[in-house]
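Inspection log for the structure reproduced underneath, given as structure tokens.
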Amino acid sequence: MSVYPIILSQADFTNRDSLTYPFEERGLQFGDGIYEVIRIYQGAYYLITEHVNRLFRSAEAIKIDLPFSRQEITSLLHDLLSQNEMTSDGIVYLQATRGSAPRNHAFPVDTPANVYAYVQDMPRKTKNLTNGVSAITKRDTRWENCYIKSLNLLPNVLAKQAAQENGSYEAILERDGKVTECSSSNVYLVKDGKIYTHPATNRILHGCVRMRVEQFAAGLNIPFVEQAFSIEDIADADEVFLSSSTSEVMPIVEVDGKKIAEGIPGKTTQMLQEAYEVDAGLVKQRI
Ligand code: PDD
């Protein structure tokens, strides 16, 4: 099964086929909204508090009034899983827009946000996690507020498509000579036993898994240096990896057709993968 039949629409549960939106919907017309993707392992959320907190941060940043409290949405998201009798590995996609109103750039008055969430199966990417993936590099052409998880994903979509057309898994983005993140994940470089990644500024999404990677590194006594690196630094990296809710901690073994070190997943990345599996309550499922 891919998408489960019962979806959350505002504070109600409905069948996915009965959800329709007017064509004058601000998410559709302006990308005027925000979203979250939360990992589910065996029917249970991973890092739900972190995602709900980020949802509220994004909403506040673009002045969308969410029609629920943190506790209310958390409980609705749990109900969504039980209503669907969801017990496998998957994700929930939740989106909130500034609502439906006649098209006008300025905010509509007295217009409630449109919110929906649905659940779908998503098995772990066990082969990629074990063998690593390849990436290309692209210019980061996004706006200045990438910490907001906004629906405006056109630069991300184009970068990911370029990666896919190249037979690669991800696109590593570079702005002003520094690597920011990837099209839908955070990225890290390991050199001489230290992990380097772009600081959590407005130039990157503050990934929920990134927050965990920082904690895993502390637990493993590996320095976590929030200092941006360049594309040139990648050439002599010991390891490169990415992180996201859907990709976990994923080794990158090749960038722009050149191998990273030996071209196999590195030890530091593997230690972080193990820490992730323990934290997420996963049994070893890698092959
Ligand atoms: N992407 N950076 C970007 C640009 C992202 O879109 C994501 C997540 C991340 C990692 O964030 P987290 O660790 O909280 O998943 C970093 C999600 C999975 C998506 O858009 O599908």
Study note, to complete from the structure: Looks like the stretch 77-137, by Cα gyration tensor root eigenvalues a ≥ b ≥ c and the a/c under 1.5 rounded cutoff (else prolate when a/b is bigger than b/c, oblate otherwise), is oblate
Study note, to complete from the structure: Taking a straight Cα-to-Cα line shorter than 29 Å from Lys63, and setting aside same-chain lysines fewer than 8 residues away, one finds Lys149, Lys160
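Taking the stretch 140-249, which chymotrypsin sites (Phe, Trp or Tyr not before Pro) meet the DSSP loop condition and have no more than 16 other C-beta atoms within 10 Å?
On the way: sites: Trp143, Tyr147, Tyr169, Tyr188, Tyr196, Phe216, Phe224, Phe229, Phe241; in loops: Trp143, Tyr147, Tyr169, Phe229.
Those satisfying the criteria are Trp143.
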Check your understanding: So, counting K/R as plus one and D/E as minus one, what does the shell of residues with Cβ under 12 Å around Leu272 add up to?
Key -> -3
Revision key, fill the gap. Note on the stretch 1-83: alpha-carbon gyration tensor, axes a ≥ b ≥ c; rule is a/c under 1.5 for rounded, else prolate if a/b larger than b/c, else oblate; result oblate
**Study point:** Relative contact order (%) - the stretch 126-279, alpha-carbon pairs under 8 angstrom, separation at least six
**Key:** 26
Study note, to complete from the structure: The answer for the chain, accessible area per residue at 1.4 Å probe in Å², is 47
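If contacts are Cα pairs under 8 angstrom and at least 6 residues apart, what is the relative contact order of the chain in percent?
With pairs under 8 Å counted, the relative contact order is 18 percent.
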Check your understanding: How much accessible area does Tyr118 have with a 1.4 Å probe, in Å² rounded to the nearest 10?
Key -> 60
Point to revise | Around Ile231: net Lys/Arg minus Asp/Glu count, Cβ-Cβ under 13 Å | key: -2
Review point. What FRET efficiency do you get for Val109 and Ile231 if R0 is 41 Å and r is their Cβ-Cβ distance, rounded to the nearest 0.05?
Key: 0.30
Study note, to complete from the structure: By the Cα gyration tensor axes a ≥ b ≥ c (a/c under 1.5 gives rounded; else a/b larger than b/c gives prolate, otherwise oblate), the shape of the stretch 118-242 is rounded
Review point. Given only helices, namely DSSP H runs of n ≥ 4 each adding -39500 (n - 2.57), what is the per-residue ellipticity at 222 nm of the chain, to the nearest 500 deg cm²/dmol?
Key: -8500 deg cm²/dmol
Exercise for review: Tally up the carbon and sulfur contribution to the accessible surface of the chain as a whole percent, 1.4 Å probe, everything protein left in place.
Suggested key: 50
Check your understanding: Once you put a point 7 Å from the Cα of Gln215 and another 7 Å from the Cα of Thr74, both along the Cβ direction, what distance in nm separates them?
Key -> 1.3
Check your understanding: At a probe size of 1.4 Å, how large is the accessible area of Cys208, to the nearest 10 Å²?
Key -> 0
Point to revise | Net length gained if the chain between Val3 and Thr130 were fully extended (0.36 nm per residue, minus Cα distance) | key: 43.0 nm
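The values are calculated or read from the model by the stated rules, or taken from the named source; none is laboratory data. The shown structure was predicted, so the numbers you read here are calculated from the model rather than taken from an experiment. Positions of Cβ are generated from backbone atoms using ideal geometry, with glycine treated the same way; all protein chains shown enter the neighbour counts. Areas reflect the complete protein model, heavy atoms only, side chains present, ligands, DNA and RNA absent. Shrake-Rupley method; radii C 1.70, N 1.55, O 1.52, S 1.80 Å.
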